[in-house]
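In what follows, a single structure is set out as structure tokens and then discussed.
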Amino acid sequence: MAMAMEKDEIGALLARVPTQCFIGGRWREASDGATMPVGDPASGEVIAEVASGSVDDATAAVDAASAALSPFAATAPRERGEILRRAFALMIERREELAALMVLENGKTLSDARGEVTYAAEFFRWYSEEAVRNEGAITTAPAGTNRILVVHQPIGVAVLVTPWNFPAAMLTRKIGPALAAGCSVVCKPASETPLTALAIAGLLAEAGVPEGVVNVVASRHSSAFVGALLADPRVRKLSFTGSTEVGRLLLEAAARRIVNCSMELGGNAPFIVFGDADLDAAVAGAMVAKMRNGGEACTAANRFYVEASVADEFSRRFSAAMQGLKMGSGLDSETNLGPLVNEPSRDKVAELVEAALASGAEALTGGALPRGRGWFYPPTVLGGVAATSPILSEEIFGPVAPIVAFGDEAEAVELANATDLGLASYVYTADLARGLRVAEALECGMVGLNRGMVSDPAAPFGGTKQSGLGREGGHEGVAEYLEAKYIACDW
Ligand code: NAP
């Protein structure tokens, strides 16, 4: 094993990372002194105790964000951009440390974690550039009686709730545009992975974010904590990334005070391979679309639809590539697949595979729980999956690829669209006209055409149907934190 960090280095890193609530620019314990454990998925051991914010802490965070809002909204856009730019530079400078922290609390591999830090930092760079491009409009009213002026103003205090699978990027994808727009924020990271978020809070303070503009509080009472935030009349925005199930609950809660919502929810991405596709490229793309983050990605390819003429050959090559992955602790630099985040996630993956096997699927590779500690599940490819198997309709969130053969283009599109979710899709074909035709017919927010990855800070990321509302990244991302004001003007 080639471990990237020795035990004492890990201890030193964990000793440096803040574990308190970050409110109004200060670190403090939870108001009731409560803490919660953070575990290492590779060993199941507790690696840190983090302050668990109470409802009082939620109110204190809104107090701080509310007090900071007006001065920050009035800051020169260039100044806000420069702060974000410094945050970008600091993240890149600390890539190794942040990456190691994510491996420790999330289980992902070091190379995935390094990639995530870079991706996460790019949101700060992109929005440092967007901060100075808040454009308005002046037009003449059609009747010619007056002018119509449109300005875009910061929406106000924003609550940002993030998941554990990308602890850095899901946070910066929200903080970047919020700060570019001139909003202050209260962030609630996932209980599984609060350390990365707290480290980013410290880094933002170093970059010059004024006190109270960014507040970060973890809480094991997520429902009561976020409920208190949404009930506070000073909160004007909720941006949530997580499961569709929790997103639905938060939309209901937000409806009471008509809080503006952006929702990045679950996915069930189809990966379609046509008979004319370059199969080597399709397998390489499938490895990225399925195995980035060990399959724990909302954009993860969840269902593989392969044209019957190449289904066996694709399955053979893809299984061989999956079999070649080395499973182990993410800190081992030779590891290509770390553990799943926790025991329930690992058990859910195992149950879905067992159900698929029981209904006639065949494990071309993997498919059995390994022995030993940690929440590991092996790379698995399933052939001959029944169209009714639950594995095709549930978000697997693990390293498992079910393959279904299809007859023609119409059938592929019909199978791909047979879901309530619509986040990402992938299409492999040598025929660009067909690729674009299919991309337009797919009911989803993003399509990878001959590409296994869609995430890019410069592009609008988001879903249709029950995968979400709104977009993050691109020019669109900042609009989620701005409100248009129209001034009917006579001069
Ligand atoms: P989750 O269970 O929905 O949790 C997400 C966040 O919501 C966490 O901070 C969690 O806090 C909090 N939360 C949970 N229950 C809550 C409640 N009743 N009230 C208020 N807050 C609550 O999702 P997850 O398991 O962390 O993440 C996996 C899901 O996220 C997958 O479905 C994945 O597809 C989706 N995801 C979507 C995108 C996207 O961009 N569309 C990106 C990444 C992930 P606690 O941890 O403290 O419970």
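The values are calculated or read from the model by the stated rules, or taken from the named source; none is laboratory data. Bear in mind that the values here come from a model prediction, so they are computed numbers and not experimental data. In this analysis, Cβ positions are derived from the backbone assuming ideal geometry, glycine residues included, and neighbour counts consider all displayed protein chains.
For the residues Asp276, Asp232, the requirement of being in contact with an Asp or Glu (Cβ under 8 Å, 6 or more places away or on another chain) and either of a type in the set (Asp, Glu) or under 30 Å from Val310 (Cβ atoms) (or both) singles out Asp276.
Out of segment 470-489, which residues are at negative phi, crowded, with 16+ Cβ neighbours inside 10 Å and either touching a helix residue (DSSP H, G or I) at 6+ places or on another chain (Cβ under 8 Å) or not assigned by TED's automatic domain parsing to the domain that holds Ile155 (or both)?
Taking segment 470-489 as the starting set, the residues that turn out to be at negative phi are 471-472, 475-489.
After this cut, where a residue has to be crowded, with 16+ Cβ neighbours inside 10 Å as well, the list is 471-472, 477-482.
Across segment 470-489, the qualifying residues are Arg471, Glu472, Gly477, Val478, Glu480, Tyr481, Leu482.
Restricting attention to segment 343-366, the residues being at pLDDT 95 or above and in a loop (DSSP other than H, G, I, E, B) number 2.
Condition check: closer than 30 Å to Glu96 by Cβ and over 20 Å from the mean Cα position of the chain (by Cα). Does Glu354 satisfy that? It is false that Glu354 is closer than 30 Å to Glu96 by Cβ and over 20 Å from the mean Cα position of the chain (by Cα).
How many of the residues in segment 231-279 are within 20 Å of Thr419 (Cα to Cα), of a type in the set (D, E, K, R) and surrounded by 20 or more Cβ atoms within 10 Å (Cβ to Cβ)? Explain how you work it out, then say what you get.
Our first condition is that a residue be within 20 Å of Thr419 (Cα to Cα); within segment 231-279, this holds for 241-248, 263-273.
Subsequent filtering for residues that are of a type in the set (D, E, K, R) retains 245, 248, 264.
After this cut, where a residue has to be surrounded by 20 or more Cβ atoms within 10 Å (Cβ to Cβ) as well, the list is 264.
Within segment 231-279, residues that are within 20 Å of Thr419 (Cα to Cα), of a type in the set (D, E, K, R) and surrounded by 20 or more Cβ atoms within 10 Å (Cβ to Cβ) number 1.
Quick test for you: out of Ala218, Ala224, pick the one residue that is of a type in the set (A, V, I, L, M, F, W, C), surrounded by fewer than 24 Cβ atoms within 10 Å (Cβ to Cβ), within 16 Å of the ligand (Cβ to nearest atom) and more than 15 Å from Ala65 (Cα to Cα).
Numbers: Ala218 fails: surrounded by fewer than 24 Cβ atoms within 10 Å (Cβ to Cβ).
When all the criteria are applied, what remains is Ala224.
Name the single residue that is farthest from the chain's Cα centre (by Cα) among those in segment 159-189 being within 8 Å of the ligand (Cβ to nearest atom) and under 18 Å from Glu29 (Cα atoms). Here the residue is Lys188. When Ala65, Ala99, Ala87 are checked against the criterion of being assigned by TED's automatic domain parsing to the domain that holds Cys21, of a type in the set (Gly, Ala, Ser), under 22 Å from Arg234 (Cα atoms) and crowded, with 24+ Cβ neighbours inside 10 Å, a single residue qualifies: Ala65.
Within segment 404-426, residues that are more than 19 Å from Gly445 (Cβ to Cβ) and assigned by TED's automatic domain parsing to the domain that holds Ile391 reach partners that are more than 16 Å from the ligand (Cβ to nearest atom) and charged (D, E, K, R) with beta carbons closer than 7 Å, at six or more positions or on different chains, in the pairs Phe406/Glu307; Glu409/Arg434. In segment 229-244, the residue that is farthest from the ligand (Cβ to nearest atom) out of those that are more than 21 Å from the chain's Cα centre (by Cα) and more than 22 Å from Val478 (Cα to Cα) is Pro233.
Annotation note: Cβ proximity below 7 Å between a residue of segment 67-80 that is under 14 Å from Gly24 (Cα atoms) and a residue that is surrounded by fewer than 22 Cβ atoms within 10 Å (Cβ to Cβ) and among the charged types (D, E, K, R) (sequence gap 6+ or interchain) occurs for Ala68/Glu211. For segment 90-110, residues that are in a helix (DSSP H, G or I) and in contact (Cβ under 8 Å) with a residue 60 or more places away in the chain total 12. Evaluation of Leu337 against the conditions (1) within 16 Å of the ligand (Cβ to nearest atom); (2) within 20 Å of the chain's Cα centre (by Cα); (3) among the hydrophobic types (A, V, I, L, M, F, W, C) shows that the sole unmet condition is (1).
For segment 1-29, filtering for residues that are in a loop (DSSP other than H, G, I, E, B), in contact with a strand residue (DSSP E or B) (Cβ under 9 Å, 6 or more places away or on another chain) and either more than 20 Å from Ala207 (Cβ to Cβ) or outside the structural domain of Gly202 (by TED's automatic domain parsing) (or both) leaves 5. Name the residue that is farthest from the ligand (Cβ to nearest atom), counting only residues in segment 245-285 that are part of a loop (DSSP other than H, G, I, E, B), among the charged types (D, E, K, R) and assigned by TED's automatic domain parsing to the domain that holds Cys298. Here the answer is Asp276. The requirement of being within 16 Å of the ligand (Cβ to nearest atom), part of a loop (DSSP other than H, G, I, E, B) and of a type in the set (S, T, N, Q) is fulfilled somewhere in segment 459-467, by at least one residue. Considering only residues in segment 1-57 that are touching a Gly at 6+ places or on another chain (Cβ under 9 Å) and hydroxyl-bearing (Ser, Thr, Tyr), the one that is modelled with the highest pLDDT turns out to be Ser31.
Taking the criterion of being closer than 25 Å to Ile391 by Cα, among the charged types (D, E, K, R) and in contact with a strand residue (DSSP E or B) (Cβ under 7 Å, 6 or more places away or on another chain), the only residue of segment 230-288 that qualifies is Glu264. Which count do you get for residues in segment 126-151 that are surrounded by fewer than 20 Cβ atoms within 10 Å (Cβ to Cβ) and under 16 Å from Arg78 (Cα atoms)? Looking only at that region, the number is 5.
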